[in-house]
Amino acid sequence: MTPTNETKAMDELPLRSTAEFSQDLVEEVNKLGGEWQEEDPNAIGRTMFDLPHSTDDSLTILLPDKNREFVPSQALLRIKSKDGRVYMAVVVAGPFAEPDGLRGDTNLVVTTTVRGGIFMPPYHCRCQVELMGEEINGQLLPPRFRPLPNSPVFSLSSTETEEVLKAAGDIRLGLAAGHDRIEVGIPADKKSVLPRHTGIFGTTGGGKSTTVANLIAEAQRNNFAVIVLDVEGEYTRLNERTTDPVMLAGLEGRGLQPHGVANTSVYHLIGRDTANPDHPDLHSFSLKFYTLSPYALVELAELSEAQDTRFWKAYNLTKTLLRRLEIFPRKAVLNKDEEILINLDEFEVGYPLMTLNHLYDVVLACTATVDKGELPQPVSPDFKNEQTREAIKVLMNEQAATLEKSIPSWRALQGKLGRLRRPNVFDNPQAQALNYSRLIKPGHVSLIDLSDTNSPVINNLVISDILRGVQNRQDEYYQEYEKGSREALPKVMIIIEEAHEFLSEERISAMPFLFEQVARIAKRGRKRWLSLVFVTQLPQHLPRQLFGLINNYILHKINDEQTLGRLQKVISGVDESLWKRMPGLAPGQAVVSLTSMTRPLLTSIDPAPCKLRMID
Ligand SMILES: Nc1ncnc2c1ncn2[C@@H]1O[C@H](COP(=O)(O)OP(=O)(O)O)[C@@H](O)[C@H]1O
Ligand SMILES: [Mg+2]
């Protein structure tokens, strides 16, 4: 300590010589049992006494300033409590510097500092840790007690930290913040992780798309079949390497190479544009109306009750008509087709070979019949000939009395179906429906480009159709696998961008069927290696029930307090200190919480090696 006036004054007192004083001190120390030995020379600090406001999982550690390098935010520490128990803890606040024996804001300290004096009292560090658990036989179990005061604290080596955190995985996401080069990744072959589904949330600009690009690239490298429902067409250039200077610099800093993603295909709806017409493997596809469950259609088209009743009437009349016209069941394969109808589950699929135009024509005919007008010219090519038009007329005559009245409701239904018809994506003979065997081919990335549909309803029908198609094909594979005729199941990852537009809390009560479909896939996913990834900037709009199906989270910056509060209620396992950091995360930083990890980790996500299409 720099001498003060007080110590100078003491110097002037008649004291014994320093030699005499030292001698006395040694004798005194020996009387008390000799010089104090740190029990463990590797201890970096000690636990402090508790205070009235101490809480269960939180603890204060005191350490000499020279050891501050061991306690950066998120560092792991081992506490060997004096009662023999061993605890693992993580630094959640600090290290703070505090002068020995003085308060940091004491007059003496403040005044000398502002008056330009140099008064640097010796000081130590204090940091706050959260108890992760008690180490028992190499396992980390929930702590029943807390470390006693004055227990020695030790820091963990990088290797040990890696082992404790269980952060690594073949699908690399980035590096853990606060640690030296600890990789954060998702284990690719553990059924307990990805097939228990993932949510990637954060405000616009937080880094979601970059994370998704990494996830796609890494999942592909690990031989996943990846299907991306790319609402904005952002991922249609993933086959190219990034040219973004920020990403390139970031990659270099981590010793990573820029690269395009291998084996990508871009699919866009027939008649709609793609965001990347130059993609080397570009396909257009159409939707088959009959692969959609009529229940899904009713929900996604948001039919009112009056429209709903009319929809089912028309749907059933269309079935009758198709039977009479021998469109289905077909005469040549009558027995087989009848068999199909017996086993038909309309919660899964629609009536075989029914087109949207068939249904639309019947709705037109019903409207005209209720309106007592002439039957209009059918739009379906199948219904154009004289014989079919006669069949429609007969059917309408039979049914006229049973049709619900109210022409406006019929017109409204006609309008809604008309809107689905207009883009000409249903049953379009110029394009095939999606080939699900191709979509779930290992190592293949299918980018479903929905950027030009301009219709959330159509997007949602596509998503619903793909979920069903992939699930059915994977089910078939699974049965073969069970029987032993298939070696392994392809690992499938389905990424749903703008997930709040597909499943929203607001509409969920009106969409029990759709949610049921997602829930069914989610629940079966584990056995069948199907993993769903929901990406959204509006997680607060996702239905609460969905969170019950998601077990992994990548949380980018979220600054809306209400959203945070809501998420905090539904996402377990992320501790208070990490929630607090969420509003301040930089682009590319995220809290990663995976079922494989010991605790969630603040992660600095890798820059994307591949090209993301800029969208505004
Ligand atoms: N992991 C990252 N590393 C470096 N920069 C990033 C990272 N993630 C995001 N960024 C920066 O933030 C911007 C927005 O990221 P983006 O992934 O498009 O966010 P979001 O999809 O959430 O809107 C990027 O253009 C980039 O500049
Ligand atoms: Mg984005």
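Would you mind finding the one in Asp230, Asp180 that is charged (D, E, K, R), away from ligand 1 (no atom under 16 Å from the Cβ) and on the phi < 0 side of the Ramachandran plot? Don't jump to the end; show me each part of the working.
Working: Asp230 fails: away from ligand 1 (no atom under 16 Å from the Cβ).
None of the others qualify; the one that does is Asp180.
For (1) under 13 Å from Cys610 (Cβ atoms); (2) more than 14 Å from ligand 2 (Cβ to nearest atom); (3) crowded, with 16+ Cβ neighbours inside 10 Å; (4) in contact (Cβ under 8 Å) with a residue 60 or more places away in the chain, each residue gets a yes or a no:
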{"position": "Gly205", "(1), (2), (3), (4)": "no, no, no, yes"}
{"position": "Phe224", "(1), (2), (3), (4)": "no, yes, yes, yes"}
{"position": "Arg241", "(1), (2), (3), (4)": "yes, yes, yes, yes"}
{"position": "Phe289", "(1), (2), (3), (4)": "no, yes, yes, yes"}
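Just the residues that are within 8 Å of ligand 1 (Cβ to nearest atom) and outside any loop (DSSP other than H, G, I, E, B), please, taken from region 192-220.
So the first thing to find is which residues in region 192-220 are within 8 Å of ligand 1 (Cβ to nearest atom), and the list is 202-214.
Result: Lys208, Ser209, Thr210, Thr211, Val212, Ala213, Asn214.
Within the set of pairs 6 or more residues apart or between chains, which connect a residue that is assigned to a helix (DSSP H, G or I) inside region 436-456 to a residue that is of a type outside the set (Phe, Trp, Tyr) and surrounded by fewer than 24 Cβ atoms within 10 Å (Cβ to Cβ) with Cβ atoms less than 6 Å apart?
Tyr436/Gly469; Tyr436/Val470; Tyr436/Arg473; Pro456/Glu501
Since Gly525 meets every condition but one in (1) crowded, with 22+ Cβ neighbours inside 10 Å; (2) outside any helix (DSSP H, G or I); (3) of a type outside the set (D, E, K, R), which condition does it not meet?
All conditions are met except number (2).
Residues to consider are Lys336, Lys313, Lys319; find the one that is open to solvent by 30 Å² or more (accessible area, probe 1.4 Å), at pLDDT 95 or above and either aliphatic (A, V, I, L, M) or under 12 Å from Trp410 (Cα atoms) (or both). Give the derivation first.
Details: Lys336 fails: either aliphatic (A, V, I, L, M) or under 12 Å from Trp410 (Cα atoms) (or both); Lys319 fails: either aliphatic (A, V, I, L, M) or under 12 Å from Trp410 (Cα atoms) (or both).
Selected residue: Lys313, the only one of Lys336, Lys313, Lys319 that is open to solvent by 30 Å² or more (accessible area, probe 1.4 Å), at pLDDT 95 or above and either aliphatic (A, V, I, L, M) or under 12 Å from Trp410 (Cα atoms) (or both).
Being over 15 Å from Glu497 (Cβ atoms), in contact with a Phe, Trp or Tyr (Cβ under 8 Å, 6 or more places away or on another chain) and within 16 Å of ligand 1 (Cβ to nearest atom) is the filter here; which residues of region 527-543 pass it?
Correct list: empty.
Name the residues in region 157-183 that are open to solvent by less than 20 Å² (accessible area, probe 1.4 Å) and part of a strand (DSSP E or B), would you?
Within region 157-183, Ile171, Leu173, Gly174, Ala176 meet the criteria.
Filter region 597-612 down to the residues that are in contact with a Ser or Thr (Cβ under 7 Å, 6 or more places away or on another chain) and within 22 Å of Asp189 (Cα to Cα), then identify the one that is surrounded by the fewest Cβ atoms within 10 Å (Cβ to Cβ).
Selected residue: Pro600.
The rows are residues; the columns are (1) at negative phi; (2) among the polar types (S, T, N, Q); (3) touching a residue at least 12 places away in the same chain (Cβ under 8 Å).
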{"site": "Asn107", "(1), (2), (3)": "yes, yes, no"}
{"site": "Pro122", "(1), (2), (3)": "yes, no, yes"}
{"site": "Val129", "(1), (2), (3)": "yes, no, yes"}
{"site": "Gly133", "(1), (2), (3)": "no, no, yes"}
{"site": "Leu148", "(1), (2), (3)": "yes, no, yes"}
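Would you confirm whether or not region 484-495 contains a residue that is over 22 Å from the mean Cα position of the chain (by Cα) and either charged (D, E, K, R) or not assigned by TED's automatic domain parsing to the domain that holds Gly206 (or both)?
Filtering region 484-495 down to residues over 22 Å from the mean Cα position of the chain (by Cα) leaves 484-489.
Those left that are additionally either charged (D, E, K, R) or not assigned by TED's automatic domain parsing to the domain that holds Gly206 (or both): 486-487.
Yes, the conditions are met somewhere in region 484-495.
Just need a number here: residues in region 370-405 that are open to solvent by less than 30 Å² (accessible area, probe 1.4 Å) and not in a loop (DSSP other than H, G, I, E, B). Working first, answer last.
Quick first cut of region 370-405, residues open to solvent by less than 30 Å² (accessible area, probe 1.4 Å) only: 370, 378, 380, 383, 388, 391-392, 395-396, 403.
If we keep only those that are not in a loop (DSSP other than H, G, I, E, B) too, we end up with 370, 383, 388, 391-392, 395-396.
So the count comes out to 7.
Would you point out the residue of region 184-194, among those that are within 13 Å of the chain's Cα centre (by Cα) and either buried (at least 24 other Cβ atoms within 10 Å of the Cβ) or within 13 Å of ligand 2 (Cβ to nearest atom) (or both), that is modelled with the lowest pLDDT? If you could, list the steps in order and put the result at the bottom.
The first filter runs over region 184-194 and keeps only residues within 13 Å of the chain's Cα centre (by Cα), leaving 186, 193-194.
Next, only the ones that are either buried (at least 24 other Cβ atoms within 10 Å of the Cβ) or within 13 Å of ligand 2 (Cβ to nearest atom) (or both) stay: 186, 194.
On the way: Ile186: 96, Leu194: 91.
Result: Leu194.
Which of the residues spanning region 566-576 are assigned to a helix (DSSP H, G or I) and open to solvent by 30 Å² or more (accessible area, probe 1.4 Å)? Full working, then the answer.
Taking region 566-576 first, the residues assigned to a helix (DSSP H, G or I) are 566-570, 576.
Once the filter is applied, which keeps residues that are assigned to a helix (DSSP H, G or I) and open to solvent by 30 Å² or more (accessible area, probe 1.4 Å), region 566-576 yields Arg566, Gln568, Lys569, Val570, Glu576.
One line per residue, one yes/no per condition, for (1) assigned to a strand (DSSP E or B); (2) without any contact (Cβ under 8 Å) to a residue 60 or more places away in the chain; (3) within 23 Å of the chain's Cα centre (by Cα):
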{"site": "Arg411", "(1), (2), (3)": "no, yes, no"}
{"site": "Leu417", "(1), (2), (3)": "no, no, no"}
{"site": "Pro423", "(1), (2), (3)": "no, no, no"}
{"site": "Ala433", "(1), (2), (3)": "no, no, no"}
{"site": "Asn459", "(1), (2), (3)": "no, no, yes"}
{"site": "Leu467", "(1), (2), (3)": "no, yes, yes"}
{"site": "Tyr478", "(1), (2), (3)": "no, yes, no"}
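If you go through region 551-564 one residue at a time, how many are open to solvent by less than 10 Å² (accessible area, probe 1.4 Å) and away from ligand 1 (no atom under 16 Å from the Cβ)?
Looking only at that region, the number is 1.
Going through region 268-296 one residue at a time, which ones are in contact with a Gly (Cβ under 8 Å, 6 or more places away or on another chain), assigned to a helix (DSSP H, G or I) and of a type outside the set (Ser, Thr, Tyr)?
Scanning region 268-296 gives Phe289, Pro294.
Criterion first (touching an Asp or Glu at 6+ places or on another chain (Cβ under 7 Å) and open to solvent by 80 Å² or more (accessible area, probe 1.4 Å)) does Asp105 satisfy it? Give the steps one after another, and end with the answer.
Numbers: touching an Asp or Glu at 6+ places or on another chain (Cβ under 7 Å): no; open to solvent by 80 Å² or more (accessible area, probe 1.4 Å): yes.
So Asp105 does not fit the description; no.
Against the definition (out of contact with any strand residue (DSSP E or B) (no Cβ under 6 Å at 6 or more places or on another chain), part of a loop (DSSP other than H, G, I, E, B) and under 27 Å from Pro442 (Cβ atoms)), how does Asn223 come out, yes or no?
Working: out of contact with any strand residue (DSSP E or B) (no Cβ under 6 Å at 6 or more places or on another chain): yes; part of a loop (DSSP other than H, G, I, E, B): yes; under 27 Å from Pro442 (Cβ atoms): yes.
Yes; evaluated as a whole, the condition is true for this residue.
Got a number for residues in region 522-554 being among the aliphatic types (A, V, I, L, M) and more than 16 Å from ligand 2 (Cβ to nearest atom)? Give the steps one after another, and end with the answer.
If we filter region 522-554 for residues that are among the aliphatic types (A, V, I, L, M), which is where we start, we get 522, 530, 532-533, 535, 538, 542, 546, 549-550, 554.
Okay, now just the ones that are also more than 16 Å from ligand 2 (Cβ to nearest atom), so 522, 530, 532, 542, 546, 549-550.
Of the residues in that region, 7 qualify.
The values are calculated or read from the model by the stated rules, or taken from the named source; none is laboratory data. Since the model is a prediction, treat every value here as computed from it, not as a measurement. No Cβ is skipped: glycine too gets one built from the backbone with ideal geometry, and neighbour counts run over all protein chains shown. Heads up: the accessible areas ignore ligands, DNA and RNA and are worked out on the full protein's heavy atoms, side chains in. Shrake-Rupley method; radii C 1.70, N 1.55, O 1.52, S 1.80 Å.
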